[in-house]
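The values are calculated or read from the model by the stated rules, or taken from the named source; none is laboratory data. Not measured: the values here are computed from a predicted model. When we count neighbours, we look across all protein chains shown, and the Cβ atoms used for this are built from the backbone with ideal geometry, even at glycine. Calculation scope for accessible area: heavy atoms of the full protein, side chains included, ligands and nucleic acids excluded. Shrake-Rupley method; radii C 1.70, N 1.55, O 1.52, S 1.80 Å.
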Amino acid sequence: MSKSIKFYVVWQGKKPGIYTSWQECQEQIHGVKTALYKSFESKTEAEKAYAGKPEDFIQKKTVNKSSPVNKTLKSKNAILWDSISVDAACSGNPGLMEYQGVDTKTKEKIFHQGPFLMGTNNIGEFLAIVHALALFKQKGLNNRPIYSDSVTAMGWVKKKKANTKLEQNAKTAKLYELIQRAENWLQHNSYSNPIIKWETEDWGEIPADFGRK
């Protein structure tokens, strides 16, 4: 493999993802004032960075409170308000679980599923993200962002597989049916909606939060 190949991670842009040329990266960040991106020498480094938080990789050694990058990350002006935020709630983990999606700006409920007799927060977050993706595709809203505060669920969506160890039994049968449907949807559908990590520490609780902490 050529040593000159670089991998470009776009956390925030027209279509977040990992690109193998600067031209492709530019296409995703051009005109996006809140674009967050960085190049990496290997695919492994890029994948690790994409699954993490951009502030852990962008100007890690020099960023400070007065840095424009830091201000962009921490300011609520960086939030793309025309979006859906999703969250799950679980009484015990595993336990009684439900999930929902709301309008990020108004907090108006867009969808809600559950409660399910036995589930986990990560499963709920995974199903909520896929639910939002399918809804946006149905409505033709192909670039509308989705916010989630679950890095694990976002990783499952990227891999198109819910890597859960939840026991399969009578209590979880319905939930596993939904998981299978979600995985099938991801495997047979493409999407361009950005799936963005909600920065709870900087922005407060995600708008879809059930308020049970």
Worksheet item: What is the magnitude of the charge dipole of segment 101-213 about its Cα centre, with +1 placed on the Cβ of each Lys and Arg, -1 on the Cβ of each Asp and Glu, and no other charges, expressed in debye to the nearest 20?
Response: 400 debye
Discussion item. Nearest 500 deg cm²/dmol is fine: what mean residue ellipticity at 222 nm does the chain get from its DSSP H runs of n ≥ 4 alone, each adding -39,500 (n - 2.57), divided by its residue count?
Written reply: -10000 deg cm²/dmol
Fill in: For TYR19, distant residues with modelled amide H under 5 Å away
TYR8, VAL9, VAL10
Worksheet item: Helix 173-188 sits at what angle to the longest principal axis of the chain, using alpha carbons and giving 0 to 90 degrees rounded to 10?
Response: 30 degrees
Item to complete: Kindly write out, for segment 40-46 in residue order, the coupling ³J(HN,Hα) from the Karplus curve 6.51 cos²θ - 1.76 cosθ + 1.60 (θ = phi - 60°), rounded to whole Hz, with x marking Gly and Pro.
Response: 9, 7, 9, 5, 4, 5, 5
Worksheet entry | Of the GluC sites (Glu not before Pro) in segment 119-213, those whose Cβ has at most 15 other Cβ within 10 Å and which sit in DSSP loop | GLU167, GLU205
Worksheet entry | Charge-dipole axis of the chain as Lys and Arg at +1 and Asp and Glu at -1 on Cβ define it, positive-most pick from GLY211, MET118, ILE129 | ILE129
Fill in: Length-normalised contact order for segment 75-213 - Cα pairs under 8 Å, 6+ apart - percent
30 percent
Worksheet item: In the chain, carbon and sulfur make up what percent of the accessible area (probe 1.4 Å)?
Response: 49 percent
Practice prompt. Please build a GNM for the chain, connecting alpha carbons under 10 Å apart, and tell me which residue among GLY140, GLY124, GLY114 fluctuates the most.
Written response: GLY140
Worksheet entry | Rg and Dmax of the chain, Cα atoms only, in Å | 17.7, 55
Worksheet item: To one decimal place, what orientation-averaged projected area in nm² is obtained for the convex hull of the Cα set of segment 96-143?
Response: 3.6 nm²
Worksheet entry | With at most 16 neighbouring Cβ atoms within 10 Å, loop chymotrypsin sites (Phe, Trp or Tyr not before Pro) (DSSP) excluded, longest segment of the chain | 82-209
Discussion item. So if I place +1 on the C-beta of Lys and Arg and -1 on the C-beta of Asp and Glu, and nothing else carries charge, what would the dipole magnitude of the chain be about its Cα centre? I want it in debye, nearest 20.
Written reply: 380 debye
Discussion item. Quick check for you: with a 1.4 Å probe and neighbouring chains kept, what is the accessible area per residue of the chain, in Å²?
Written reply: 57 Å²
Item to complete: Using only Cα atoms, tell me the angle between helix 121-139 and the longest principal axis of the chain; keep it within 0 to 90° and round to the nearest 10.
Response: 80 degrees
Item to complete: Report the Stokes-Einstein translational diffusion coefficient (µm² s⁻¹, integer) for segment 135-202, Rh taken as the Kirkwood radius over Cα pairs, at 4 °C with viscosity 1.567 mPa s.
Response: 95 µm²/s
Response to the item:
Set LYS33/LYS105; LYS105/LYS165; LYS107/LYS160; LYS33/LYS160; LYS38/LYS105, cut-off 25 Å on Cα-Cα distance; pairs above it are LYS105/LYS165; LYS107/LYS160; LYS33/LYS160; LYS38/LYS105
Worksheet item: Which listed residue (TRP11, LEU80, ALA153) has the Cα farthest towards the positive end of the charge dipole for the chain, taking +1 on Lys and Arg C-beta and -1 on Asp and Glu C-beta about the Cα centre?
Response: TRP11
